[in-house]
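The values are calculated or read from the model by the stated rules, or taken from the named source; none is laboratory data. All figures in this text were calculated on a predicted structure; none of them were measured in a lab. No Cβ is skipped: glycine too gets one built from the backbone with ideal geometry, and neighbour counts run over all protein chains shown.
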Amino acid sequence: MAGAIWCVVEDDRKGTPKKVMSEVLGEAARLGGPVEAVWLTDKATDDGLKQLGAWGATKVWLLENAGLAPYRGETWVPPFAELVAKESPKAVLAPVTSRLRELMARLAAKLGVGLAADTVALAMNGDKLVATRPIYAGKLLSKVTWAKQPWLATLRPNVFKPAEAQAGKAASVERVSATIPSPQMKLVERREEASTGLPELTEAEIVISGGRGMKGPENYVILEEMGGVIGAAVGASRAAVDAGWRPHRFQIGQTGRTISPKLYLGFGVSGAIQHLAGMRTSKVIVAVNKDPEAPIFKIADYGIVADLFEVVPELTKEFKRLLEK
């Protein structure tokens, strides 16, 4: 409906919205709504639609078409922009994920409106929306507003309070007929997803990160063992990724993933500016490094100056002991 706040759905590619959507929908409700979801997918499920309703969406605009998989900005943006122009929402919000980060930038360009990327706070000031977002690699916070509607913003995961699920609450579903443009580029011939058995980096409440101090890719097994014990995701610094020790999808930092877990554990991470930009909003930061002058100690809540190869096994044993009680 005109004047609604739209929340763009990020899903698991199997028909289920990711839990970060509870944060986006919850924030939209706190801003005053009405709250509606927009789901572009090749496959939606009834359970997924019910979940969006339980998280507070009063309506779901469903663009379901086989041509929407895999994601391509050139095929997603035209039908989405057409729907926005037709229905006139006052705001479009989306979580910061790999594909929605690009989608929202393309959508802003198509509509000729502004985009507040990677916001950490939103608030209404009269009839204006004000967004707070980090600048200068997270050293400062900037408040921005928009010259015209719709207001477009991406929200950093694990920062906004999730909506409380209301069992039995349902959203109406509007199935949108849209013409999906033929892709001009063939970017993906085959997609393979290898599961680590650990939580996803941007959604995890606990994140373990390994840096250059890990000395090689074979040593990440000790971090993965710890992650399995405490239910943590395992990431890496840019130096480790550049060295070929970990795939880029595990990189934390300005040119990688931005995270805001309840607990961040950094092992052998020096704390370069570009890495800090991706994790400094973590609620509690623990750093382990042999170098007492490592920059990460300046922002750490707890620091241990020691050899990580001595500390990690001891911490893992202690975590196991505590969790077995």
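The residues of the stretch 128-159 that are aromatic (Phe, Trp, Tyr) and either more than 25 Å from ALA2 (Cβ to Cβ) or not assigned by TED's automatic domain parsing to the domain that holds LYS90 (or both) amount to a single one, TYR136.
Only residues that are in a helix (DSSP H, G or I) and in contact with a helix residue (DSSP H, G or I) (Cβ under 9 Å, 6 or more places away or on another chain): list them for the stretch 98-114, please. Correct list: SER98, ARG99, GLU102, LEU103, ALA105, ARG106, LEU107, ALA109, LYS110, LEU111.
For the stretch 220-257, give me each residue that is β-branched (Val, Ile, Thr), in a strand (DSSP E or B) and farther than 21 Å from VAL311 by Cα. Scanning the stretch 220-257 gives a single hit, ILE252. Of all residues in the stretch 105-121, exactly one satisfies the criterion of being in contact (Cβ under 8 Å) with a residue 60 or more places away in the chain and surrounded by 18 or more Cβ atoms within 10 Å (Cβ to Cβ), namely ASP118. Can you find a residue in the stretch 272-284 that is under 18 Å from LYS215 (Cα atoms), small (Gly, Ala, Ser), surrounded by 21 or more Cβ atoms within 10 Å (Cβ to Cβ) and at pLDDT below 95? For the stretch 272-284, residues under 18 Å from LYS215 (Cα atoms), small (Gly, Ala, Ser), surrounded by 21 or more Cβ atoms within 10 Å (Cβ to Cβ) and at pLDDT below 95: absent.
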